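Notes follow the structure.
The values are calculated or read from the model by the stated rules, or taken from the named source; none is laboratory data. In this text, all values refer to a predicted model and were calculated from it rather than measured experimentally. Cβ: placed from backbone, ideal geometry, glycine included. Neighbour counts: every protein chain shown.
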């Protein structure tokens, strides 16, 4: 997982620890460069060096600045990622020493992110009967079938599709096929591979995805109902966006001086996986020319390498730093705009601090997130390929800065987050304790997951109504025809 996913799960762990619970975090050695800021006990699991290198190359995705996002490219990248995750799962199952260690601990509950179905299978393999799934992104449409719900592709974009909830015909077609192709790929290609891994280590026992999902007590989503697209959910799904966002600290003298230099301040950060120094030179030149033209604005750019890696002279109104106190900067009223890749953590943080944003999505769920917040009115969507167009970038920045609407909408989101009835930390603690004390709450499972297509959509009832309507229509048609035929015959006589 990327830094943002690890940080999200670390925040959950710390919230539970602060509530008095003992938490163990399982770390796989592919995350060597991630600093785990947690009070949890850590167990390290290893994979072989060859696999570690492959996974590292996939996760760093050095080509993400040049990825076109076409179907062929997405399928290739997704297949590579799934194969790597499958290999990780295989190594976890084959690690008998780890299995023995975890079984002996008798854990009450396992909390895992639903990147793949591996956590569900391995929890069963480890004899952990109570489960919670998390998502550092949004709700995964591939789970709707197993919730017992129908995924409404007509107005809810899939996880990797850019659109608003009001879609054009072309967008609905694309979203429809995106969902059904992904669903088919998952159900008939990906899922059986994980089932085979479990079967091989458990005497040929078959476990269905339906069984795994029913035995999950809760699903935690790193989003909020007034930020994400409204969509059908079950009573097991909980929104915990903003969980564990740290309290803001006063800026030190360095950053305080930076924000005091000019009237406007703009923060540029593209997350922890996408490195700014790996941008193609055209994009770097476009950004630097934009910064140069907007000399009355201070730009803070999270840039991970030396200034010598930039292709042109650096303007005096930009601060380059390989690390920035993002949360503290967003909380300062002097920061006017956040240019981001559109990761869910960054969006939720910006929303919490009422900061307008410009989303430049690069990969994964970021395109969807960009459309999600654009519809809320406090963000603009900006295609990464247009970073080379300094004039367009400048116009977009000025549009957001000079139009009060963006700040007003951002303040609206911030107010909603402050006044939300149930705090994320409270949901995390109380649902965990509730499930630990009462198992996986099977009473809350929707019966829809047990139904076939005909029952679920009432196709049998609809068919009967169609037959009945057709029969009645034909009867009256023939009756009227006979009556009129009789009248005509009577008149002729």
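Details
- Selection within the stretch 98-119 - under 18 Å from residue 141 (Cα atoms) and either touching a strand residue (DSSP E or B) at 6+ places or on another chain (Cβ under 7 Å) or part of a loop (DSSP other than H, G, I, E, B) (or both): 112, 113, 114, 115, 116, 117, 119
- Just one of the listed residues (427, 413) is in contact with a strand residue (DSSP E or B) (Cβ under 8 Å, 6 or more places away or on another chain), in contact (Cβ under 8 Å) with a residue 60 or more places away in the chain and farther than 24 Å from residue 294 by Cβ, namely 427.
- Residues of the stretch 99-106 include none that is within 29 Å of residue 448 (Cα to Cα), surrounded by fewer than 17 Cβ atoms within 10 Å (Cβ to Cβ) and at pLDDT 95 or above.
- When 132, 88 are checked against the criterion of being touching a residue at least 40 places away in the same chain (Cβ under 8 Å), in contact with a helix residue (DSSP H, G or I) (Cβ under 9 Å, 6 or more places away or on another chain), assigned to a helix (DSSP H, G or I) and surrounded by 15 or more Cβ atoms within 10 Å (Cβ to Cβ), 88 stands alone in meeting it.
- The condition of being buried (at least 19 other Cβ atoms within 10 Å of the Cβ), in a loop (DSSP other than H, G, I, E, B), touching a residue at least 12 places away in the same chain (Cβ under 8 Å) and out of contact with any helix residue (DSSP H, G or I) (no Cβ under 7 Å at 6 or more places or on another chain) holds for only one of 243, 274, that being 274.
- The single condition among (1) surrounded by fewer than 19 Cβ atoms within 10 Å (Cβ to Cβ); (2) within 18 Å of residue 400 (Cα to Cα); (3) in contact with a strand residue (DSSP E or B) (Cβ under 9 Å, 6 or more places away or on another chain) that residue 295 does not meet is (3).
- Scan of the stretch 419-428 for residues that are part of a helix (DSSP H, G or I) and surrounded by 13 or more Cβ atoms within 10 Å (Cβ to Cβ), ordered by number: 424, 425, 426, 427, 428
- Test result for residue 182, under 17 Å from the mean Cα position of the chain (by Cα), surrounded by fewer than 22 Cβ atoms within 10 Å (Cβ to Cβ) and without any contact (Cβ under 8 Å) to a residue 60 or more places away in the chain: yes
- Of the residues making up the stretch 401-413, those that are outside any helix (DSSP H, G or I) and crowded, with 19+ Cβ neighbours inside 10 Å number 0.
- Residue 434 being touching a strand residue (DSSP E or B) at 6+ places or on another chain (Cβ under 9 Å) and surrounded by fewer than 16 Cβ atoms within 10 Å (Cβ to Cβ): yes
- Qualifying residue in the stretch 207-218 (condition: part of a strand (DSSP E or B) and over 30 Å from residue 412 (Cα atoms)): yes
- Note on the stretch 225-237: residues that are touching a helix residue (DSSP H, G or I) at 6+ places or on another chain (Cβ under 7 Å) and crowded, with 18+ Cβ neighbours inside 10 Å amount to 4.
- Taking the criterion of being out of contact with any helix residue (DSSP H, G or I) (no Cβ under 6 Å at 6 or more places or on another chain) and closer than 19 Å to residue 5 by Cβ, the residues of the stretch 200-222 that qualify are 216, 219, 220, 221.
- Residue list for the stretch 197-216, restricted to those being surrounded by 14 or more Cβ atoms within 10 Å (Cβ to Cβ) and more than 23 Å from residue 444 (Cβ to Cβ): 197, 198, 199, 201, 202
- From the list 416, 398, the one residue that fits, being under 30 Å from residue 283 (Cα atoms) and part of a helix (DSSP H, G or I), is 398.
- Among the strands (runs of 3 or more DSSP E) confined to the stretch 299-384, the ones with at least 2 residues that are within 20 Å of the chain's Cα centre (by Cα) and surrounded by fewer than 23 Cβ atoms within 10 Å (Cβ to Cβ) are located at 379-381.
- Take the conditions (1) over 29 Å from residue 435 (Cβ atoms); (2) in a helix (DSSP H, G or I); residue 204 misses just one of them, which is (2).
- Criterion: touching a strand residue (DSSP E or B) at 6+ places or on another chain (Cβ under 7 Å), outside the structural domain of residue 379 (by TED's automatic domain parsing) and touching a residue at least 12 places away in the same chain (Cβ under 8 Å) - qualifying residue of 237, 197, 233: 237
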